[in-house]
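Presented below is the structure to which this report refers.
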Amino acid sequence: MPPGIESAAARRPGAPAAALSPAAGNPGNAATAVWPAVLVGLAVAAATLGLWQALLAQERSLTQRTVALSLETVRNEIAARMDARILALVRMARRWEVRGQPSRTEWEADARLYLSHDAGYVAIARVDPDLWISLIVPPDTGRGLQGAELIGGRQRSALDTARARGEVTLTHPFSLATSDRAIMVNVPVFRGDAFDGFIVGVLRVQAALATILEPSIAPRQAIVVSDGAEELYRRDWGGGPSAEGWSQESGVQLGGVTWRVRVWPQETFAGQRAPLANAALVGGLALALLLALTVRFAQVARVRARETDSANRAITRAIAEREHTGVLLRKLSRAVEQSPTMVIITDHQGAIEYVNPKFTQVTGYAFEEVAGRNPRLLKSGATPSAQYRRLWQTITAGEEWHGVLQNRKKDGSLYWVRSAISPVRDAQDAITHFLAESEDITEQKRLEEQVSQYNREFTEREALASMGRAASMIAHDLRNPLSSIKMGLQILSRNPEHSGTAAGQELLGISLGQVRYMEEALSDLLSYSLPDALKPEWLSMDKLLDSALMLSQKEIGEHQVRVKVQCQPGLPLLYGDANKLRQALTNLIVNGAQAVAGSGQTNPTLVIDARLSLAIADRPSIQVEICDNGSGIAAEHADRIFEPFFTTRAQGTGLGLSIAKRIIDQHKGTIGLQPEHPRGTRVTVVLPIEATGSRNGT
């Protein structure tokens, strides 16, 4: 029982002692009657006071939670509703970016629509990249808003920030001509990578926030929104100053500007307290409530225990699955890192996000050099553009592409890859990345080319061998009849009876000339069809040239060709077959003499130059150039000039250059024909001083 409350009988003066208790003569009985009630009263009072204090604490906690929830509601409403207004301008900007600048009529119609839907808007303007206001709706806004405010002061800094970052920015409040406080929303517009101006929205802050924070938002709560030290909006319906002690505040980020929001209850805490009698009533029900709470708490504890156990098992399974997934990912990562093929992963637009070490080993590009770039940096130019278009169409359609590409390394060298490129999809089946696996097949290509070249050469050798056998048979079969015909013509030429006339002499001369031509053709056929083994010896190049010129003297004299020989002094000896090299040089000299004779030159000239060279794998060689000033080689004949039986003249077997090339090849040398400036042909022969394999006569 609280102090100061006593029995009324004890306070009446003059009352008899017997009135103090029915058992006044037995003090023990009085104690037995009073103390249980006192103890119960004290227990109930203690329980009531304890419950009262608990209710007060709970009310405080509830008030704080209510204020916190109201603050979060207000903050979310401001953020969402302001974002909606900003998003309307962003949508207008995106249509501008995609469709280009709209017509004035269309733009003003859109702006009026946004102005009518969103309370608080004063105007919407379009600002050009040079910060010139091209359009503003409504047009008479200038009476309340000076045009300079759209681009001057703090607004210019906000515009510069929006342009530099490509993001929406808001300004701090400023005053309109109507004394209202307003803010500006700046939305940058880009056409591709080019900046194309701003869309600027002007809002009255008080009107906008009043529309957003309608009475149903955080009822019975006072609200203050401020930007720094400046108050933008206040909703306070007469709460006492003491209620602000319960206030809570938070920030709202809007386009680079932070607004502070503060919320507190409209009624003071003291006004929300229940009377002491209600507290006593609640104290009377405390025992039942306490028992109910005890049972409930026990039930909740058991449920929480089961939930905790289930959660622990779920967490254990999740940890095990995560560890298993981690092991698989590590295995996959090591497999990709150690893969013998190149692996490239790009985003859906083709920007490289990953390459494995094999890519760096083959191409020479480190990951840092290609990250964010397109794989087209590997293009060599040798692969047709149509193939790349088909590749991109295939993978963007969700299909896998297979093919062979020729790419270029960082050092500029070319390499071949066999690639498989496939799209990577997410859970919604949308393409998010592309995966390319490429195998370096440069060596395989080289071997295939060698095999192909060997097959071509083998086929050519087989065909030429068959041709040679046929030519040998024909030459042997025709040589004896030709010898008999030649002998008969020579006998007739010595008999005056048959050759006394000029016509007879001319006929015999023509016949003998044709026989000699046929003998030369048969000799070429036999030389080509039955090549002899080399009989090498040490030779002097200047003597070889002299003997070749002597053998060619007939052709040189007939065509009146002027020959210039330039032989470098002190040339080393050459290890080769004298007869074969002499035949090759003779064929080249005769071919040059015939070329200048058939070109109609008034001053046919043949220049022969011999000098030391290192043209064959850095081995000492002798280079012989035979240059004529004839009509040159036609472009369509350049690839066939060394083919057997190919000739552009009316007469000739077409074997002279073929025989010369075979002899040069036998000596491990090279031969080539190039156009000479300003006209003519240059034949270049390079012979190693000691050919590989020449010591054993091969």
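The rows are residues; the columns are (1) farther than 22 Å from residue 353 by Cβ; (2) in contact with a Leu (Cβ under 6 Å, 6 or more places away or on another chain); (3) not in a helix (DSSP H, G or I).
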| residue | (1), (2), (3) |
| --- | --- |
| 392 | no, no, no |
| 404 | yes, no, yes |
| 407 | no, yes, yes |
| 422 | no, yes, yes |
| 444 | yes, no, no |
Hits in the range 341-355 - residues which are touching a residue at least 60 places away in the same chain (Cβ under 8 Å) and not in a strand (DSSP E or B): 341, 348, 350
Criterion (modelled with pLDDT of 80 or more, surrounded by 15 or more Cβ atoms within 10 Å (Cβ to Cβ), over 23 Å from residue 256 (Cα atoms) and more than 42 Å from the chain's Cα centre (by Cα)) met by exactly one of 73, 141, 66: 66
Residue match in the range 430-442 (condition: open to solvent by 80 Å² or more (accessible area, probe 1.4 Å), out of contact with any Asp or Glu (no Cβ under 6 Å at 6 or more places or on another chain) and more than 22 Å from residue 392 (Cβ to Cβ)): no
Residue that is modelled with the lowest pLDDT [pool: residues in the range 614-649 that are among the small types (Gly, Ala, Ser) and open to solvent by less than 20 Å² (accessible area, probe 1.4 Å)]: 630
Qualifying residue in the range 409-420 (condition: among the polar types (S, T, N, Q), touching a Pro at 6+ places or on another chain (Cβ under 9 Å) and surrounded by 13 or more Cβ atoms within 10 Å (Cβ to Cβ)): no
Residue, surrounded by the fewest Cβ atoms within 10 Å (Cβ to Cβ), within the range 673-698, restricted to residues that are farther than 18 Å from residue 544 by Cβ and modelled with pLDDT of 85 or more: 682
Residue tally, condition open to solvent by less than 60 Å² (accessible area, probe 1.4 Å), closer than 22 Å to residue 657 by Cα and not in a loop (DSSP other than H, G, I, E, B), over the range 556-574: 4
Every pair of residues 6+ apart whose Cβ atoms lie under 6 Å, when the first sits in the range 382-405 and is in contact (Cβ under 8 Å) with a residue 12 or more places away in the chain and over 12 Å from residue 421 (Cβ atoms) while the second is among the aliphatic types (A, V, I, L, M) and surrounded by 14 or more Cβ atoms within 10 Å (Cβ to Cβ): 383/405
Search result, residues across the range 337-369 that are crowded, with 16+ Cβ neighbours inside 10 Å and closer than 23 Å to residue 430 by Cβ: 343, 344, 346, 352
Residue tally, condition more than 18 Å from residue 66 (Cα to Cα) and loosely packed, with under 14 Cβ neighbours inside 10 Å, over the range 215-231: 3
Residues that are small (Gly, Ala, Ser) and in a helix (DSSP H, G or I), drawn from the range 538-555: 547, 548
Selected residue (only one of 58, 101 is at pLDDT below 80, open to solvent by 90 Å² or more (accessible area, probe 1.4 Å), of a type outside the set (A, V, I, L, M, F, W, C) and not in a helix (DSSP H, G or I)): 101
Selected residue [open to solvent by 50 Å² or more (accessible area, probe 1.4 Å) and among the aliphatic types (A, V, I, L, M)] from 405, 328: 328
Count of the range 193-209 residues which are open to solvent by less than 50 Å² (accessible area, probe 1.4 Å) and either of a type in the set (Phe, Trp, Tyr) or assigned to a helix (DSSP H, G or I) (or both): 6
Flag if residue 190 is under 30 Å from residue 163 (Cα atoms) and open to solvent by less than 10 Å² (accessible area, probe 1.4 Å): no
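The values are calculated or read from the model by the stated rules, or taken from the named source; none is laboratory data. Treat the numbers as computed from the prediction; the structure is a model and nothing was measured. Ideal geometry is used to build each Cβ from the backbone, glycine not excepted, and the neighbour counts take in all protein chains shown. When the accessible area is computed, the model is the full protein with side chains, heavy atoms only, and any ligands, DNA or RNA have been set aside. Shrake-Rupley method; radii C 1.70, N 1.55, O 1.52, S 1.80 Å.
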